[in-house]
Amino acid sequence: MTLRSLWCHLKGYVIIRITGRVVEAFINEAYTSGVELWDLSRIDERSILVHVYLCDLPEIGRILKKTDCAGRIEEKIGLPFLKMKLTRRKGFAIGALLFFLALYILSSFVWFVDVAGCEKMMPEAILEFAAKQGVKAGALRRDIDSALLAKAILAEFSRLAWVGVNIKGTTVNIEVAEKTLPDVKSGITHLVASEDALVTNMIVLAGEPLVSEGDTVIRGQVLVTGLVVPSYGDTGESIDRSRIIDAKGVVMGRVWRTYQGSLELVHELESETGRVKKTGCISLGSYEFRIGSRKAPFQTYTEEMSAYEIPFLRSIGFTPTLRLVTTTYRETEKSVLITDREEALEELREEAFAYVQAGIPRGAKILDEREELKYSEEKKWVYTFTVETLEDIAQEMREDREIGHS
Amino acid sequence: MAVDISGEKRGLGGAKEKIAEFFEFPRDSILDVPRIVVMGNVELSVENHLGIIGYTSGSVEIAVSRGKITVRGKDLAISSITKTSIGVQGLIEHVDFSA
C-alpha cells in the first residue's frame, strides 16, 4: 500500500460511473474546476469509470448537471464509509468497543503467580507469603511494587539469597535463589565401645567420660557421652540446660578374640557313585500318569525334582493345568576318611588365625597369642585360639535428638 | 503523423524564443508548448495541456497549444488528470502531433 493510497483511504473516495454523450466534456470541466480525477478507464462507448475523493462529490454533481452526464456511484472505499457503516451497525461498534475495554481491564489484573528456582524450599510457602502481601491472582497490576515484594520475601525467608520479581503481562514471576548452607549436624555424638574390652587408657578430648581406666565394658556401652551436664557448683540460668557437644577421644582397651573349633579326625563322606535314574510324571488336574517306578531305585540317594507347568490351556478357561514333573535320583555312597592329627590341627590353626585376623582392626597392637587343645567331656578335642590386642575401642555413635538453638 | 519538434523550432514565438535561448532557460517553462514524457510504451504524461478532446480505450486525444496530441494504443486509461498534467497508461503504439 503506497502512501498515496493510504491517504486516499483516509480521505475516502468513490468510484463513479459517468455516462453521457460527451464524457470528455465532463473530464475537462472537472479538472478545470479543481476536482481531482484519477484512474479513468473506458467501459463502453458512452461511459467511463472515474475515481473521485468523497469531498468532491457535491462539485461532481454540479458538473454532471452542467455537462449533461449521468453519474452512478459504483463503489465506496475508505475510512469515512467504514465509520458510516459502524454508526449504522451500533451493536457491532459497541461490541468491538466492549471487547477492547474488557481486554484492557482484564489485562490490568494479575492472573498467575509463578515461583521458580526453589530447590529445597516449598514454592507454596513463598506463594502464600506473596498472597499475604497482596500479590495473588486478581490483584491489580499497578498496585504491585516488584522491588518491594522482592525485599519483603527476602526478609521473610532467611534461606533465600536473592529474590527477583518481574511482571510479564498478567503473570508475576518470582525467581528465587536459595542459599547453600553447610550441613548442620543435628544430634549428639557419643563414643561407644566397639568390642567387649578392658579399658586401659583414656584420652578424652571432648565429652563426659562414663567409664574409667580399669573398667570392663561390653560392646555398645557408652564410653564418652556428648551430653555434658554442668557441675553442681555451677549456678546460673543454664542449670537445666545440658550442653551438647560431639564427643571425641581415644579409649584404649584390651580385647580378646577367641576362636573355638573341635578337632575331627574321622570324617564321614557321602559321594555320588555316578548312577542316575530318572522318573517322570505327567499330571492333569487330579489325574497322574507315571513313567518309571514310584519307589526310589537306590538305598542311599539324593533326590532332585523339577516341575514344568504348561499354561496353554488356561487361556481358554480350562483350569486344570498340565504339569510335567521329573525326578532325578542319584545314588550315593558313604565312606569314612581318617585324617592325620597333625594335619588336622594345622588346618584348624590356619582357620582360627584367619578368623581372628579378620576381626582385628588396623592399628591394633597384638599383645598375646594363646592356643589350647583340650579333651572335652563330649569326648572331643577342642581347640581354642585367643589373641589379645590393645586397640582403640572408641566408636562414634550418633544419637538423633532435637536440640534447641543455644 | 509523427512531428519533429525541432523542425518547427524556428516558427515558435520570436521574442520569447530568443530570450529563452539567450538565458538558456528550459524552453517549456517560458513557451506555451506541451512537454511530453514517455516511459517505454506503457506510460505517457503531457504537461501544459489544454484538456481532453476524446477518450476511448484505443485512443486519447489531448488538446495542446497549436494543435492536439493523439495517443493510440490498447487498453488506454487516464491515470490522472489535473490542471497541469495528464497521465496516460496502457499499451502505447503511436504518439501523433497534428495542428
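Here are a few things to note about the model shown:
- Yes/no for A:LEU49 being within 14 Å of another protein chain (Cβ to nearest Cβ), over 22 Å from B:THR84 (Cβ atoms) and surrounded by 12 or more Cβ atoms within 10 Å (Cβ to Cβ): yes
- Hits in segment A:321-360 - residues which are of a type in the set (S, T, N, Q) and assigned to a strand (DSSP E or B): A:THR326, A:THR327, A:THR328, A:THR332, A:SER335
- Members of segment A:131-157 found to be open to solvent by 50 Å² or more (accessible area, probe 1.4 Å), over 16 Å from A:THR170 (Cα atoms) and either part of a helix (DSSP H, G or I) or among the β-branched types (Val, Ile, Thr) (or both), listed by number: A:LYS132, A:ALA147, A:LEU148, A:LYS151, A:LEU154, A:ALA155, A:GLU156
- The one condition in (1) aliphatic (A, V, I, L, M); (2) open to solvent by less than 60 Å² (accessible area, probe 1.4 Å); (3) within 28 Å of B:SER79 (Cα to Cα) that A:ILE43 fails to fulfil: (2)
- Taking segment A:29-50 as the range and being among the polar types (S, T, N, Q) and either touching a strand residue (DSSP E or B) at 6+ places or on another chain (Cβ under 6 Å) or not assigned by TED's automatic domain parsing to the domain that holds A:ARG72 (or both) as the test, the residues that pass are A:SER41, A:SER47.
- Scanning segment A:44-91 for residues that are free of Cβ contacts under 8 Å to residues at least 40 places away in the same chain and either over 20 Å from A:CYS8 (Cβ atoms) or part of a helix (DSSP H, G or I) (or both) yields a count of 22.
- Strands (runs of 3 or more DSSP E) completely within segment B:3-99 that count 3 or more residues being small (Gly, Ala, Ser), within 16 Å of A:TRP38 (Cβ to Cβ) and modelled with pLDDT of 90 or more: B:67-81, B:85-98
- Answer residue from segment B:42-81, given it is away from chain A (no Cβ under 13 Å) and either on the phi > 0 side of the Ramachandran plot or more than 15 Å from the chain's Cα centre (by Cα) (or both) and is surrounded by the most Cβ atoms within 10 Å (Cβ to Cβ) among those: B:ASN48
- Restricting segment A:1-36 to residues that are of a type in the set (Ser, Thr, Tyr) and part of a helix (DSSP H, G or I) leaves a set whose member that is most open to solvent (accessible area, probe 1.4 Å) is A:THR32.
- Only one entry of A:ALA130, A:ALA102 meets the criterion of being of a type in the set (A, V, I, L, M) and within 30 Å of the chain's Cα centre (by Cα), and that entry is A:ALA130.
- One residue alone among A:GLY95, A:GLY61, A:GLY91, A:GLY71 is loosely packed, with under 12 Cβ neighbours inside 10 Å, closer than 22 Å to B:SER80 by Cβ and more than 13 Å from chain B (Cβ to nearest Cβ), and that residue is A:GLY61.
- Selection of first residues in segment B:46-75 that are more than 22 Å from B:ASP32 (Cα to Cα) and of second residues that are in a loop (DSSP other than H, G, I, E, B), restricted to Cβ pairs under 6 Å at least 6 apart or on distinct chains, gives the following pairs, ordered by first then second residue: B:ASP75/B:SER57.
- Meets criteria (at pLDDT 80 or above and over 30 Å from A:ALA344 (Cβ atoms)) for A:GLY253: yes
- Check on B:ILE81, among the β-branched types (Val, Ile, Thr) and within 11 Å of B:LEU44 (Cα to Cα): no
- Within segment A:162-173, the set of residues being in a strand (DSSP E or B) and either under 17 Å from A:PHE109 (Cβ atoms) or open to solvent by less than 60 Å² (accessible area, probe 1.4 Å) (or both) comprises A:VAL163, A:GLY164, A:VAL165, A:ASN166, A:ILE167, A:LYS168, A:THR171, A:VAL172, A:ASN173.
- Within segment A:174-188, restricting attention to residues that are aliphatic (A, V, I, L, M) and open to solvent by 90 Å² or more (accessible area, probe 1.4 Å), the residue that is modelled with the lowest pLDDT is A:VAL184.
The values are calculated or read from the model by the stated rules, or taken from the named source; none is laboratory data. Not measured: the values here are computed from a predicted model. Reconstructed Cβ throughout: ideal geometry from the backbone, glycine too, with neighbour counts over all protein chains shown. SASA here: full protein model, heavy atoms, side chains in, ligands and nucleic acids out. Shrake-Rupley method; radii C 1.70, N 1.55, O 1.52, S 1.80 Å.
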